[in-house]
Amino acid sequence: MSNPFERSLELLRQLHALDHAGMFESKEADAVRDKADSLWYQMTADEQTRIGKFSKKLYLQRRRWRFMERWLGPVLTVVGILLTFIGAFVWYFFRIRISP
């Protein structure tokens, strides 16, 4: 990593990884933030904007993942149970209709 922009991208990835691991308020995260702060002023305004957009993108991806973790599992469980009951009903209904 040669320039401040590339180093900032890597630090941003590290910070989001720490957030994902539940360590956003840790000493490791503070150290990453301190390194990123010193690089911020070495970048151009365009690079700062790009870093901000990338951070927003990572944050939105994490929010989507949290939503899926929270809701998708239970929804799929309910759908699976309903399909099992429907399958059992169809099997029972056709078994009776086909039987002599």
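Exposure proxy for 35, 56: other Cβ atoms within 10 Å of each Cβ, ordered fewest to most, give 56, 35.
The slack in the chain from residue 57 to residue 20, taken as 0.36 nm per residue of separation less the alpha-carbon distance, amounts to 11.9 nm.
With a Förster radius of 35 Å applied to the beta-carbon distance between residue 92 and residue 72, the computed FRET efficiency rounds to 0.70. Legend: P(r) of the range 4-98 from all alpha carbon pair distances, 5 Å bins from 0, whole percents, reading 2, 12, 15, 14, 11, 8, 6, 5, 5, 5, 5, 4, 3, 3, 1, 0. Within a straight-line Cα-Cα reach of under 20 Å, residue 27 can be paired with the following lysines, leaving aside sequence neighbours fewer than 8 residues apart in one chain: 35.
No value in this document is a laboratory result; all are computed from the given coordinates. Not measured: the values here are computed from a predicted model. Ideal geometry is used to build each Cβ from the backbone, glycine not excepted, and the neighbour counts take in all protein chains shown.
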